[in-house]
Amino acid sequence: MGRRGRNRRAARAGSATRRWSAALHRWLGLLVAAVLVFQLASGTLLLYRPEIFALTHPELFAATAGTVAAGPAEALAALHRALPQFSTSYAASVEGVWQIWDADYHRAAYIDPGTGNLLGTAEPDGGFWGVLLNLHDCGLSCETYPGYVAALNVTVPGADELTWGGLVLGVLGLALLLLTLSGTVAWWPSMGRFLRALRTKMRPRLDRGAYRAHRDLHDVGAVLALPLIVVWAVTGAGYALPFVGDAWYAVTGGVAPEHSFTADAAPEGAPDIGPDAALAAARTVLPGQELVFVIPPGPDQDHYLVGFQDGVAPARYGGVRTFSESDVAVDPHTGRAALYDGGPGQPWPEWLWESGNYGVHFGYLVPWWARALWFAAGSVSVYLVGSGLWTWWWRRRRIRRAARPVPAPRRAAAAVEQVPAE
C-alpha cells in the first residue's frame with residue numbers, strides 16, 4: 001500500500017474515532033448534565049466563601065494587637081471560662097484569630113489571641129453555605145451540614161466507608177473527565193492543522209445565528225477552562241474513589257504514604273502535656289512553619305495532631321476552611337513528636353495529591369484575586385453544560401422539522417412557483 005493509501009486509511013480511522021468520541025460526549029453529557037450543573041455551580045460559589053464569611057462577620061475577626069498572643073491552650077481555657085458547656089474538637093488559626101470547633105463540627109467559637117477574649121460564636125457551615133458544602137463535598141451525605149439526606153449516607157455494599165453520596169460524586173468526577181477527553185478527541189484536528197484550527201476556534205462567529213454562536217463559544221470556553229476542569233475532575237473523583245489515587249501514583253511514579261502513629265503506653269492517671277506543649281514539641285520537627293490547627297486526642301485519635309503550612313498563610317488564603325501541608329503527631333503524655341504527613345522532603349507527586357490537593361481544587365493556594373481564574377473557569381463550565389444542552393436541543397428540533405412530511409397543498413404551490421414563466 002502506498003503512502004496515499006495509508007494516509008486515506010488513517011484519515012478514515014481518525015474520522016471514525018472523532019465520530020464515536022462526539023457521540024460519547026453528547027450522550028454522556030445529556031446523562032449527567034442535571035447533576036453536573038449543580039456540582040459546578042456550587043463549587044464556583046464556594047470559591048469565595050471564606051472571604052464572604054469574614055466580610056459578613058467582622059466582629060469574629062476583630063483581633064487586637066497584644067504583646068503576648070494567646071496560644072491554643074490559653075484560647076481553649078478562655079473559651080471554657082466563657083462557655084463552660086462548649087465541647088471542643090480542635091483549634092485552628094484563621095484570619096488572625098483562634099477558631100475553635102465544637103465536638104460535632106457544627107458551631108465554632110472565636111478567641112482574640114491578643115487579649116484571650118471570646119469574640120463570639122457562629123455556624124460557618126450553616127444555612128445556605130452549609131447546603132452548598134453538603135452538596136459539593138458530600139453529595140448531601142454529611143450529617144452535620146444542612147440539606148442532609150440519610151439515604152445517601154448509607155455505605156455502598158462491598159465498599160469500605162464509601163457512601164452513596166460519595167459514590168455519586170466520584171462517578172460524576174470520572175464522567176467530567178471522560179467528557180473532557182471525548183470532547184477533546186472529537187474536536188482535535190491533525191497535528192499539522194492544530195495551530196490553524198486553534199486560531200480559527202478562538203475567533204467565534206457571533207453573526208451567523210444563535211446556534212453557530214453558542215457552538216463556537218462552547219468550543220472557546222472549553223479550550224480556556226480545560227486545565228482547571230481536568231484538575232476538578234481528577235481531584236473530585238479522587239476524594240471518593242481510592243483507585244483514582246492509586247492511578248495517580250502509578251502514572252507519576254510516586255508512592256502513597258502510610259499515615260501511622262501510636263501513642264506510648266502511659267501509667268494510669270498520667271497527666272496530658274496540653275496543647276501548648278504539644279505545639280512546642282511539633283515545632284521541633286517542623287521549625288519555622290506557620291501553624292494551621294491543633295487537634296487534641298479524642299475517641300478516634302490517641303495523640304495530638306498539629307498541622308503546619310510552609311510559605312502559604314492559611315489565615316490569608318484558606319479562610320474559614322483551613323488545610324495543612326504537613327502534620328506532626330505528638331504523644332499526649334511523653335511529648336514524643338514524629339512527622340505524620342508531608343514535610344520538606346515530600347516528593348512532588350505525594351505533596352500534590354496528599355497536601356496540595358484541596359488547595360489546588362479550591363484555589364486556596366493563591367490569594368483571592370488570583371482565585372478569579374478559578375471563578376471564571378467555574379462559570380464557563382456551567383455555561384458549557386447549558387450551551388451543550390441548548391445546541392443539542394436546537395439541532396434535534398431542526399432535524400425533526402426537516403424529516404416532517406410537507407402537506408400536499410404546500411407541495412403543489414411550491415411546484416407552481418418552480419414553473420418558469422413563458
Could you grab me the full set of residues in the range 364-384 that are modelled with pLDDT under 95, of a type outside the set (A, V, I, L, M, F, W, C) and surrounded by fewer than 22 Cβ atoms within 10 Å (Cβ to Cβ)? P367, R371
Which members of the range 280-312 meet the condition of being more than 17 Å from S87 (Cα to Cα) and charged (D, E, K, R)? R283, E290, D302, D310
For the range 161-171, give me each residue that is assigned to a helix (DSSP H, G or I) and surrounded by fewer than 21 Cβ atoms within 10 Å (Cβ to Cβ). W164, L167, V168, V171
Residues in the range 161-178: is at least one at pLDDT below 90 and not hydroxyl-bearing (S, T, Y)? yes
Taking the condition of being assigned to a helix (DSSP H, G or I) and out of contact with any helix residue (DSSP H, G or I) (no Cβ under 9 Å at 6 or more places or on another chain), how many residues in the range 43-79 meet it? 8
Any hit, the range 25-42, residues being under 30 Å from V97 (Cα atoms) and either assigned to a helix (DSSP H, G or I) or at pLDDT 95 or above (or both): yes
Suppose we filter the range 328-363 for residues that are among the charged types (D, E, K, R) and in a loop (DSSP other than H, G, I, E, B); how many remain? 2
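The values are calculated or read from the model by the stated rules, or taken from the named source; none is laboratory data. Worth saying up front: this structure is predicted, and the values here are computed from it rather than measured. Cβ sites come from the backbone with ideal geometry, for glycine too, and all protein chains shown count toward neighbours.
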